[in-house]
Structures are given as structure tokens and as C-alpha cells.
Amino acid sequence: MSTEEDIDDVLVYGNNGRLIKARTKNQEKLVCAYEKNDLIFAEGPAGTGKTYTAIALAVRALKNKEIKRIILTRPAVEAGEQLGFLPGDMKEKLDPYLQPLYDALRDMIPAKKLELFMEEGVVQIAPLAYMRGRTLDNACVILDEAQNTSLSQLKMFLTRMGADAKFIVTGDTTQIDLPRKTDSGLQCCIELLGKIKGIALVQFDQGDIIRHSLVKKIVAAFGTLPAAGGTPSAAKTTTKSAKTTATAKSAATESSPEASSAPATAQEIS
């Protein structure tokens, strides 16, 4: 039986009696940040509920009539695969990229009502490229998978913000699918805007992972890899080799009489 405290924490009463609420400390921080800020960055590993919590906040705001629209967007970037040309019209081509957003909405809004909302434009799901030129007001707008956007794309998206709008940007900087990982603008954007009043950053971590118990262990294991890939053993070998070289150089410097007694030349001073 749900207690009064449990009911107070509920963000959305989902389908089939499901109570959707913040389940971890950083999900709770995201909820609090939403109340106090108009732009929130939520960054962290897979399975932490960043996007799901953000969508729950948007659905709650819509039900409470705080906003008139929910707009969800993602960059159309493939996860390390080249899928080629997809069949169908524009919607059918783009839907596979946006499926995770549909899944979350279907947990929170009855199917017929969601279909009606989408027909009326109350709920909109579109690729990031379709945001250019728009002014998004009276809406909660969520950009998912933001690690796969460039800095210029992020600037384009963030400057769509209109009156009475809330923007949430979610991403995982360890899962960049762009051909060149350095093209990702998410981390740079967070650092650039992080100190502006009205903008908040919620940093998720492995402790927030709420998928299968193995996911937390998998994320931790992959965290041992060097930044550019490779193997954990290779990373350890490189580190060990660097330490050995540094120790040898230090010992050679200390034992050299020239190093300890020779006066510095003018070239060295300059």
C-alpha cells in the first residue's frame, strides 16, 4: 500500500497503475533542478533514467497545464552502424531513431490519448535538424542523445527557447557515435554555459543505474578502457611503462654531477 509520502513523490500516474517517480539521488536532483531552472543539462552513463525522468517531468507539466506542448528531439545518428536507406515516408524513416522516446511516452500516456496528442501537435517528436527556424514557447523541450551533436547544433537548438519554455538536454559523453568523437559539443557546451543563472547541470553516475544489475558492472568495466579505446591491459601497460621511464629519468638526473653542480648558461636562463 502506498504511503502519503510515496504519493507526494509521484511525478506521473502511468498506465496500468504504475507510479512513476524519481528513484535515485540524481533523479531527485533533476526534479529539483527543473523547478528552479529553465535549462537543465543531465549527463551520465546509460541506464540512469535521465531521459525517462525528463519525459516524466514534461508529462506532469502538461497534465498540470503548466505547458501546452511536449517536444522531444534526437539527432539522427546511428550507433556505430551504417543502416543505409530506410524504406517508407519521412516519419517511417525517422521513427527508428526516435523509438526510445515513444517507449517512455507509452508508459505514461494512454495509447489513444497519445495518438490524439500527436495528431494535434500537443506531443511532437522530431529529429534535431527539424528544430532550425522554430521558436519553441509554452513547451517542455527535451534533447536526447546530445553527445551526438556538434557545438553549432547545440547552439541552434538552445536558441530556439521561447517564452515560458523549459529545456532539458540529456546525454552520455562516453557513448559518442559521431565519426569523429571530437566533434561532440556537449561537454564544451556544459562548460561554456554552466555558470549562467537559470542553467543547471545534474551529473549522473553509476550509482544511478536502474536497469539490470549487470548494466552497472558493464559500465564500470568499460570505464577502465583508455579514452580512445583499446584494452584495459594495454592501458595498464602504458601507465606502468610511463612510470618506469619517469623513475629512470629521475634517478639519472639525481646521479649526474653535471645536473647538480654545473652553472646554468644564459641560453638556459632565457
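Being at pLDDT below 95 and of a type in the set (S, T, N, Q) is a property that residue 99 has.
Matching residues to (1) modelled with pLDDT under 90; (2) touching a Pro at 6+ places or on another chain (Cβ under 8 Å); (3) basic (Lys, Arg):
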site: 204; (1), (2), (3): no, yes, no
site: 216; (1), (2), (3): yes, no, yes
site: 222; (1), (2), (3): yes, no, no
site: 242; (1), (2), (3): yes, no, no
site: 257; (1), (2), (3): yes, no, no
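Residues of the range 151-169 that are among the polar types (S, T, N, Q) and either in contact with a Leu (Cβ under 7 Å, 6 or more places away or on another chain) or more than 16 Å from residue 41 (Cβ to Cβ) (or both): 152, 153. The selection criterion, being assigned by TED's automatic domain parsing to the domain that holds residue 135, of a type in the set (A, V, I, L, M), crowded, with 16+ Cβ neighbours inside 10 Å and modelled with pLDDT under 85, does not hold for residue 59.
Matching residues to (1) surrounded by fewer than 16 Cβ atoms within 10 Å (Cβ to Cβ); (2) within 27 Å of residue 22 (Cβ to Cβ); (3) more than 15 Å from the chain's Cα centre (by Cα):
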| site | (1), (2), (3) |
| --- | --- |
| 138 | yes, yes, yes |
| 145 | no, yes, no |
| 152 | yes, no, yes |
| 155 | yes, no, yes |
| 167 | no, yes, no |
| 184 | no, no, no |
| 198 | yes, yes, yes |
| 208 | no, yes, no |
| 224 | yes, no, yes |
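Against the definition (in contact with a Pro (Cβ under 9 Å, 6 or more places away or on another chain) and over 16 Å from residue 157 (Cα atoms)), how does residue 98 come out, yes or no? Here the answer is yes, as residue 98 does meet what is asked.
Looking only at the range 114-152, filter to residues that are small (Gly, Ala, Ser) and assigned to a strand (DSSP E or B); which one of those is farthest from residue 37 (Cα to Cα)?
Step one: list which residues in the range 114-152 are small (Gly, Ala, Ser), which gives 121, 126, 129, 133, 139, 146, 150, 152.
Narrowing further to those that are assigned to a strand (DSSP E or B): 126, 139.
Details: 126: 24, 139: 14 Å.
Restricting to residues being small (Gly, Ala, Ser) and assigned to a strand (DSSP E or B), the top hit is 126.
Give the residue that is modelled with the lowest pLDDT, with candidates limited to residues of the range 13-45 that are part of a helix (DSSP H, G or I) and among the small types (Gly, Ala, Ser). In this case the residue turns out to be 17. Evaluating residue 186 against the criteria (1) out of contact with any Leu (no Cβ under 9 Å at 6 or more places or on another chain); (2) at pLDDT 90 or above; (3) within 22 Å of residue 55 (Cβ to Cβ) leaves one unmet condition, (1). For the range 129-142, check the following and say yes or no: at least one residue is modelled with pLDDT under 95 and in contact with a helix residue (DSSP H, G or I) (Cβ under 8 Å, 6 or more places away or on another chain). Scanning the range 129-142 turns up at least one residue that is modelled with pLDDT under 95 and in contact with a helix residue (DSSP H, G or I) (Cβ under 8 Å, 6 or more places away or on another chain). Each residue in the range 171-210 was checked for being more than 15 Å from residue 26 (Cα to Cα), assigned to a loop (DSSP other than H, G, I, E, B) and out of contact with any strand residue (DSSP E or B) (no Cβ under 8 Å at 6 or more places or on another chain), and 12 of them qualify. In this structure, residue 169 qualifies as within 17 Å of residue 187 (Cβ to Cβ) and in contact with a Phe, Trp or Tyr (Cβ under 9 Å, 6 or more places away or on another chain).
The values are calculated or read from the model by the stated rules, or taken from the named source; none is laboratory data. Note that the structure is predicted; figures quoted are calculated from it, not measured. All Cβ positions, glycine included, derive from the backbone under ideal geometry; neighbour counts span all protein chains shown.
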